[in-house]
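S.K.: What follows is a single structure, and I will ask about it in a moment.
No value in this document is a laboratory result; all are computed from the given coordinates. If you're wondering where the values come from, they're calculated on a predicted model, not measured in any experiment. Here Cβ is always computed from backbone atoms with ideal geometry, including for glycine, and neighbour counts include all displayed protein chains.
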Amino acid sequence: MRQFLDAGAEVLATARSAAYTAPEGAAFVTADIRTQAGAQALAEAAHETLGGVDILVHNAGGAQANADGGALTIPAGDWQDALELNLLAAVRLNSLLAPGMRERGSGAIVHISTAALLPPVPAFAHYQAAKAGLESYSRALAAELAPYGVRVNALGPGRTATPGGEETRRRWAGGDGESGAIGTPPLGREGRPDDIADAVLFLVSDRARWTTGTYFSVDGGEYPRN
Ligand SMILES: NC(=O)c1ccc[n+]([C@@H]2O[C@H](COP(=O)([O-])OP(=O)(O)OC[C@H]3O[C@@H](n4cnc5c(N)ncnc54)[C@H](OP(=O)(O)O)[C@@H]3O)[C@@H](O)[C@H]2O)c1
């Protein structure tokens, strides 16, 4: 968010927890975007605070690792949560906010996926399936909105030092959590939030004006997709 503020953007952030602190200069609204009511509250706040949005970044995501390590025994509720948060929240928010971009003839949407999509990790099958769905949906939406000047891209972080990332790796200390990998990413360290934010800022900026429907890895070279 800091990079967006520094670049002159007006920012509205959301989270379920009121304790969450947006940086000074950013507006904040409490909402659970897994629900239609939460998505609606965020969209209304966006209209009231900003008069609509030019940029939409779907960042909230994650899932609990299945305790026994398997894909077959992931609880039904965890499947539902993973799909609601990682996929359907983006679908709902786009439905509420992308029509305004289409009418204005410009806009940029970024869906935060994961670089660790392809290595099979049974305990995170629900998470990986939801993110795979998000990437597929992202490409379809990009095709639909391109004629209106609205760009849609997906970005996959590698292991990044955030509260959620560290909790994921701690819970799965027997293996290596979401990444399923051992050792250090090729670029020699794990990611920092600003590594991801800089790449998001690029994708929504005019420098990426001819880029839509893509997937963009920001993972220190850990998960080549080609
Ligand atoms: N960190 C990594 O290593 C890593 C690796 C690959 C992909 N990713 C992806 O990167 C994105 C960000 O991950 P992160 O590590 O920064 O996660 P994080 O530390 O858990 O932060 C997630 C943020 O989203 C908010 N949030 C969670 N559920 C929400 C909900 N239902 N409604 C509204 N806000 C909600 C959280 O606040 P509240 O809890 O207060 O709601 C928190 O501010 C996710 O999509 C994740 O899948 C992260």
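S.K.: Please list, ordered by chain and number, the residues whose modelled amide H lies under 5 Å from the amide H of residue 52; skip anything fewer than 5 residues away on the same chain.
M.R.: For residue 52, whose amide H was placed from the backbone, the distant partners under 5 Å are 47.
S.K.: Mind listing the long-range amide H neighbours of residue 109? Cut-off is under 5 Å, sequence gap 5 or more, other chains count too, H placed in the peptide plane at 1.01 Å from N.
M.R.: Amide H neighbours of residue 109, under 5 Å, 5+ apart: 56, 151, 152, 153.
S.K.: Give, as a single signed number, the net charge of other residues whose beta carbon lies under 15 Å from the beta carbon of residue 142, with Lys and Arg counted +1 and Asp and Glu -1.
M.R.: +2
S.K.: So who's got an amide H within less than 5 Å of the one on residue 159, skipping anything under 5 residues away but keeping other chains? H placed 1.01 Å off N, in plane.
M.R.: The answer is 191.
S.K.: Return one quarter of the surface area of the convex hull spanned by the alpha-carbon atoms of the chain, equal to its mean projected area, in nm².
M.R.: For the chain, the mean projected area of the Cα convex hull comes to 12.3 nm².
S.K.: When ranked by the protection proxy of mean other Cβ atoms within 10 Å per residue, highest first, what sequence do the peptides 59-72, 118-131 form?
M.R.: 118-131, 59-72
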